[in-house]
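**Q** Got a structure here, written out as structure tokens. Questions coming.
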Amino acid sequence: MNSNKVNKRQKINDKNKKQKKKMKTWKKVILVIFLILLIAGGIFAYRVHKNGGGLSGMLATVVGHDENTRKSLGEFQVLLMGVSTDQEGVSLTDTIMVASYNPNTQRAVLLSVPRDSFTGENVKRAKASDKINALYNLTKDPMETVEAVNELTGLDLKYYAIVQTEALIELVDALGPIEYDVPINMDYDDVTQDLHIHFEKGLQEIDGQEAEELLRFRKNNDGTSFPTEYGDNDIGRMRNQREFLTAVVEQTVKLENITKLGSILDIASRNLITNVDFNTLKDYLPYAVEFSTENLLTESLPGTVPDLKQTNNVSIFVVDEEETKQMIKELFYPEEQTEDGNTVDANTTNSSSSDSSATLSKSNIKIEVLNGTNNGKVLQELVNKLTEEGYNVSRTGNTTSTSKTTIANKNNITDTIMKDIEQIVGVDNISNNRTGASSKADITIIIGKDYE
């Protein structure tokens, strides 16, 4: 009996020893796993840090980038073509834009190409087929439109993306309603296209179907269009398109929409006709989350609409070559090479020009004022204030909608002058970066919605 108890106790002790041994073994395994995870996490954190940190650095690390990947990425440029098909099956590119993004400078450009831009040989013998928006329907080759845009602008675009109407509708619906400040009351009906556009001026939440209607709007049933200060007819239409796309971009890069990236790419793959390699596009995505629409420059090609008597009774837009050349330089090539090979910003002056700018009188300082609001009165109000103080307002115009008023010192104008202008404008957000699109202005003021 006693021996049985001893044996039983021995078995229990042996079992306890085995369990303790197993526990020690598991503790060692868990410790090793913890150390591996700690080391891996440390390496990952280090790589995220080397890749710039934050969400961008984390995404770059996840897709296998290192600190040199971003540096090796050049500016991405693509021609966007919004195609709508009428009831007769005619595919016209109602929206044509050059879009660019630089991941290193976080600078982007949207440049509208008027759909009636003339691409023919002789203006006096113009035909409807000479308009740039007819090229895709005639040739079914997107590169024909790309080459025409390159010819008009002097750019060297290689990529295109044809956006079907369905893509825009799906994208906007995937992101949720887009908050957008509709510039005017819109009231238009076309029963032949089953197109009905009805919006009230002001902040609206736009869904996919409404987005299509908004971007197609040109004029009301009574013939009225966008006001002159916004940009009448097609100019206003293109500005409205750029500003809505800006709102879409702003919402796309929000943190909460990162989880929708898969569905966004799926929509793109199903609805886009493009020669862009999606693997190439993915290389830019980790850095796009850093992008702010405050770094987005928007413009439209300059030119004129000749009298119909001069154009064979065909309404066309003739692009101004000289103004376009200057605009392209400012938007896409803001840097230039010095004689010693160093790269400097094109808007930065050397020491001698800095000295001369310091001695400029108020009347000699050229100020450009751009209106980033939907209120045309504020533009004239600020121009009047500046001229009353003796300043030379050399250029006015409209730009993409912005919430913040900015003042850009483009020619090393003295602090005294800048402070004076700051007091006139009533804001203290002075930037030495290029924020406007003018080659000859010493100072650019962009009026935001905060202007009073």
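The values are calculated or read from the model by the stated rules, or taken from the named source; none is laboratory data. Model, not experiment: these values are computed from the prediction. Because the Cβ atoms are built from the backbone with ideal geometry, glycine has one as well, and the counts that use them run over all protein chains shown. Surface accessibility is based on the protein's heavy atoms, side chains included, excluding ligands, DNA and RNA. Shrake-Rupley method; radii C 1.70, N 1.55, O 1.52, S 1.80 Å.
**Q** Tell me, which residue of the range 366-401 that is among the hydroxyl-bearing types (Ser, Thr, Tyr) and open to solvent by less than 30 Å² (accessible area, probe 1.4 Å) is farthest from MET327 (Cα to Cα)?
**A** The qualifying residue farthest from MET327 (Cα to Cα) is TYR391.
**Q** Something else now. So is GLY223 of a type outside the set (D, E, K, R) and surrounded by fewer than 16 Cβ atoms within 10 Å (Cβ to Cβ) or not?
**A** yes
**Q** Out of (1) surrounded by 21 or more Cβ atoms within 10 Å (Cβ to Cβ); (2) modelled with pLDDT of 90 or more; (3) within 20 Å of ASN312 (Cβ to Cβ), the odd one out for ASN133 is which?
**A** Single failed check for ASN133: (2).
**Q** Next up: Pairs needed: first member in the range 92-112, farther than 9 Å from THR298 by Cβ; second member anywhere, hydrophobic (A, V, I, L, M, F, W, C) and surrounded by fewer than 19 Cβ atoms within 10 Å (Cβ to Cβ); C-beta distance under 6 Å; at least 6 residues apart or different chains.
**A** TYR101/PHE76; PRO103/LEU73
**Q** Name every residue in the range 169-226 that is among the small types (Gly, Ala, Ser) and in contact with a helix residue (DSSP H, G or I) (Cβ under 6 Å, 6 or more places away or on another chain), in order of residue number.
**A** ALA174, GLY208, ALA211, SER225
**Q** Look through the range 136-150, keep the residues that are touching a strand residue (DSSP E or B) at 6+ places or on another chain (Cβ under 6 Å) and open to solvent by 20 Å² or more (accessible area, probe 1.4 Å), and return whichever of them is farthest from MET97 (Cα to Cα).
**A** So, considering only residues that are touching a strand residue (DSSP E or B) at 6+ places or on another chain (Cβ under 6 Å) and open to solvent by 20 Å² or more (accessible area, probe 1.4 Å), the one farthest from MET97 (Cα to Cα) is ASN137.
**Q** So which residues in the range 67-85 are more than 30 Å from ASN137 (Cβ to Cβ), at pLDDT below 65 and of a type in the set (Ser, Thr, Tyr), if there are any at all?
**A** The answer is THR69, and nothing else.
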